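A short write-up of the structure that comes next.
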Amino acid sequence: MKNESDWARCIISKLQASLSQGDSSLLVNIIPKLGLVLGTYSSSITSEINCQNALQRLHHLIHQFVEVITLNSPMPVTLVLDDLQWVDDLSLSILCQILRKHKSLFFIGCCRDNKMAQDHSFSKMLEMLQLEANVTTVTLRRIEDSVVNEMISELLHLSPRIVSPLARIVHNRTKGNALFMIQLLQSLYSDGLLRLDYAKRRWTWDIPSICSTKLPENVATCFLNEIGKLPPNVQAALHVLSLFGSYAKLTYLSTLENEFGLRLIADLFEAEGLVMNINGKFQFCHNAIQEACYHSVGDEVRLKNHITYGRALAEHSIRTGDDDMIFAAVNQLNISGPEWISNPADFSSFAIFNLIAGKTALHMSEFTTSYHLFGCGIAFLPNNHWVEHYDLSLQLFDHACKAALSCGKINDLHLLSDQVTNHAKCFADKLNAHFEVLTSLANSSRSEALEMGLELLKDLGEDMPTNLSEKELAAEVKEILGTMTPDFDLLNHNLMDDANKLVTMKFLSQLQWIAHTAKPALHPFVICRAVQLSIVHGLAPSSPAAFAWFGTFLAKLGNINSGIWFTSLAKRLLSRVDGYEVKGTVLGLAAELQSFAEPVQSTRDLQREALSASFETGDTHSACLIQLQYIINLLWTGEQLSVTREEISKAIATMKDFDHQLALLFVLLVQRSVDALVFGAEQGGEVSERIDEDGNAHQKKALSFHNLYLSFVLDRNYLLECCIDFFKYKTQHAFLTYADCMRDFIPGLAAFRVYRMTGNSEWLKKAGKCTEEIRVLNQKGSKWNFEHKMKLMEAEEHFSSGDCAKAKESYLEAISLARAHKFPNDEALSCELVARFFSDLGDMKSSKEYFLLAHKKYSDWGACAKAAYLMTVIEEKFDQSTSVNQARQYESGVTCKTNCLM
């Protein structure tokens, strides 16, 4: 960059390019100054949006904001935050994630440890960060007497020996507090006890007079004495300012001037040295000054002033639509609390003010603040409020439930929900609170969540079937497909306007993933019901996700082309129904089906787009699952294992941040397999224990698959046990993913080997079924993805049946196709299996050539431990030492030979 203005323009351009209008609006709400460069827009977030999603969206946007600045800055970026002893947990969690993710950021945090308990959240964050970053703690201690002496010596331009008596008094009185020292010296000067003697041309002081004068005991008293010397009107203005805390905007003060005929702003200008006028606000020079001004009047007068000024600001805010002022207003009211209200009408009015402020905080994704405000609003409600102020009470409790969930206050959520359940006049009025409880259960107890969700759907008139037979499901699918005739234009279909059905769709959408893991057999019925409601009653915001799910379900039934058509339709529906919230889910499901129609490597861009869309909307549940699928894609398409390991680390950090235990378990299983290939050691025993104790059938089958994969690829002696364990699970999920083909490919190859080991024909049957599944996928899907897999399984099938000529031909075809289709992992595996095939035939020369080629391919992939193991096999099998260089020399010759045989 040539200069700072060029750098600033670059940052602004990058921010504008990376943020949508809605994203910009949210960030401007949080950082108003950004409006100068990003513009101001109306917020795209409404109170109907899931708060947890909006919270995670805020996390993502702040990360994005910091990333743009750090990546495009020509110099190190420093973040400085003061007064962290007052930081709230939500802000601290965002700060912690920023520091963990953006390692190049230099952070300076200041706090007063005398205002912090030992278990303060900021202290805990520092302890955690010390394990990941270089953390230096600098403690600012009180100034020692010798330093005080030196400071006063320099200040008065006198030798340390001469000022020593004065310095000793100052240090004894102030105990080395720098601020107190300055104020005390100014006080001595004001009282004439420290003066400039023009005759002597130096500063002088009278030690006996100073010692006989009663000096302030602390800095607050010192400030109070100084304030007491000011004119009464200035003291009154300082007290009004102190009611707002450390500062108040000029708009607040001018409003009070107009409402009460006060003269505040002009009087505050006369308090120079105690307050500063900066950027449209008056600010105290130090918190001790504010405290002294605040306590300059009695408690009763002060608390009544809070109510008087707070009411005036709140009413002005509502009249003018000034959202910013409402926060200052309710803060005044909430400091005093209900006990200082004298007018009964104020109870409900102040509750309404807090409700308005809480909703505004929700728009800004300030969930901790909104939860506090809703709680204050509830506290202001008068006795018998459920009878006298029913609508107000319902709104406050509903919104408090939503905010409590976002803040992780699950116990409070249940208490608030119980209040709604006990006092709501009708079932419809209970639904918002029930939805928040259902969402919390979905993250902790899915079986309980499923039970609750089904009961609520039943009350909404959507009783899910108890007979989960394939015949019943086939009838529902046939009914849907029968409706989707060429004449039915879904893109121009009516929008859903039935409030009851909209709520039902909301619950069905939440129930999708719950059913998938808690009761897989129910999942397709939930999908079909959401699609049927969309067709009969119109399109809802969540309808695109329902049609995308339906597409993956059709693909699972074998109709891949129809499934792809429905996911394509779902993508087009997003703009029709403003399906912003489900965009990540739709794109993620579309990416999975795309991997069956196009080269699977090409789906990564769509997966990354889906991941970004999920984070942008705060849908971290979908984001974590899409991230999981992305990692699985990397592993099974043969991406460099170093890259895969890096992406796994990122995913683990994300899933821990968002406490997504389900996706985390699966990623840890993938990590265990990758680490075994790279390092040889099989870590992650605690993951196996967790799945064995608490896991559902899907998790246990995933564990058994990875155990089988490692035992097969790493040639472990417990392959038979792993095969038995894997094939005992019959679970099937309701949608098709690329990982499904691997659950036929690897187990099928393992079953062929077990058959040749044991001679048990049952294993040949199992392997044959797996081969047929891959053959069907190759026929209906992309040959790029499945043809080389099919050829390798057919080679193993021919080998197991004794047809060596066909086996050899299929092995070599598998190697050539895997190379051409850019699956280095499968090419390495094919080379290894054909090497074993030649070894069993006694063709040791060909066997050695392909073992060496397999070694090279595994090494290129990054599977160092696997490559090292193959080298020991080569040395033992062929009774000679073979260097890595020798291994590489075989590659060109064997590759040419393979291609010629094709």
Task: Criterion violated by F566 - all others in (1) touching a residue at least 24 places away in the same chain (Cβ under 8 Å); (2) crowded, with 24+ Cβ neighbours inside 10 Å satisfied - done: (1)
Open item on the list: Is it the case, given these coordinates, that F615 is open to solvent by less than 10 Å² (accessible area, probe 1.4 Å) and among the aromatic types (F, W, Y)?
Closed with: no
Open item on the list: Looking only at residues that are assigned to a loop (DSSP other than H, G, I, E, B) and touching a residue at least 12 places away in the same chain (Cβ under 8 Å) in region 445-462, which one is surrounded by the fewest Cβ atoms within 10 Å (Cβ to Cβ)?
Closed with: G461
Open item on the list: Return the residues of region 653-676 that are assigned to a helix (DSSP H, G or I) and among the charged types (D, E, K, R); say none if nothing qualifies.
Closed with: K656, D657, R672, D675
- [ ] Determine the pairs where a residue that is free of Cβ contacts under 8 Å to residues at least 60 places away in the same chain and under 11 Å from T255 (Cβ atoms), located within region 295-318, has a partner that is part of a helix (DSSP H, G or I) and among the acidic types (D, E) with Cβ atoms under 9 Å apart, the partner being 6 or more residues away or on another chain.
- [x] A312/E259; E315/E259; S317/D323; S317/D324
- [ ] Test Q118 against the criterion of being at negative phi, out of contact with any strand residue (DSSP E or B) (no Cβ under 7 Å at 6 or more places or on another chain) and at pLDDT 80 or above, and give yes or no.
- [x] no
Open item on the list: Testing N149 on (1) of a type in the set (S, T, N, Q); (2) surrounded by fewer than 11 Cβ atoms within 10 Å (Cβ to Cβ); (3) part of a helix (DSSP H, G or I), one condition comes back false. Which one is that?
Closed with: (2)
Open item on the list: So D322 passes all but one of these: (1) open to solvent by 30 Å² or more (accessible area, probe 1.4 Å); (2) modelled with pLDDT of 95 or more. Which condition number does it fail?
Closed with: (2)
Task: Hits in region 119-138 - residues which are free of Cβ contacts under 8 Å to residues at least 24 places away in the same chain and either open to solvent by 50 Å² or more (accessible area, probe 1.4 Å) or not in a loop (DSSP other than H, G, I, E, B) (or both) - done: D119, S123, K124, L126, E127, Q130, L131, N134, T136, T137, V138
Task: Inter-residue pairs, beta-carbon under 6 Å, first touching a residue at least 12 places away in the same chain (Cβ under 8 Å) and in region 785-810, second among the charged types (D, E, K, R) and surrounded by fewer than 20 Cβ atoms within 10 Å (Cβ to Cβ), 6+ apart - done: M790/R775; H798/K806; S800/R756
Task: Candidate set from region 58-93 (those that are over 23 Å from the mean Cα position of the chain (by Cα) and assigned to a helix (DSSP H, G or I)); member that is nearest to M364 (Cα to Cα) - done: W86
Task: Subset of region 269-319 [polar (S, T, N, Q) and open to solvent by 70 Å² or more (accessible area, probe 1.4 Å)] - done: N277, N279
Open item on the list: So, in region 637-652, how many residues would count as being assigned to a helix (DSSP H, G or I) and open to solvent by less than 10 Å² (accessible area, probe 1.4 Å)?
Closed with: 4
Open item on the list: Take the conditions open to solvent by 20 Å² or more (accessible area, probe 1.4 Å) and within 27 Å of A863 (Cα to Cα) and apply them to F799. Does it pass?
Closed with: yes
TODO: Report the residue count in region 806-823 for those that are under 21 Å from L853 (Cβ atoms), part of a helix (DSSP H, G or I) and open to solvent by 50 Å² or more (accessible area, probe 1.4 Å).
DONE: 4
TODO: Working carefully through the options P524, P486, P465, P541, find the one that is surrounded by 18 or more Cβ atoms within 10 Å (Cβ to Cβ) and not in a helix (DSSP H, G or I).
DONE: P541
TODO: Pull up region 296-338, narrow it to residues that are part of a helix (DSSP H, G or I) and β-branched (V, I, T), then point me to the one that is nearest to E257 (Cα to Cα).
DONE: T308
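The values are calculated or read from the model by the stated rules, or taken from the named source; none is laboratory data. All values derive from a computational prediction rather than experimental measurement. Cβ coordinates were reconstructed from backbone atoms using ideal geometry, including for glycine residues, and neighbour counts include every protein chain displayed. For the accessible areas, the whole protein counts, side chains as well, though only heavy atoms, and no ligand, DNA or RNA atoms are used. Shrake-Rupley method; radii C 1.70, N 1.55, O 1.52, S 1.80 Å.
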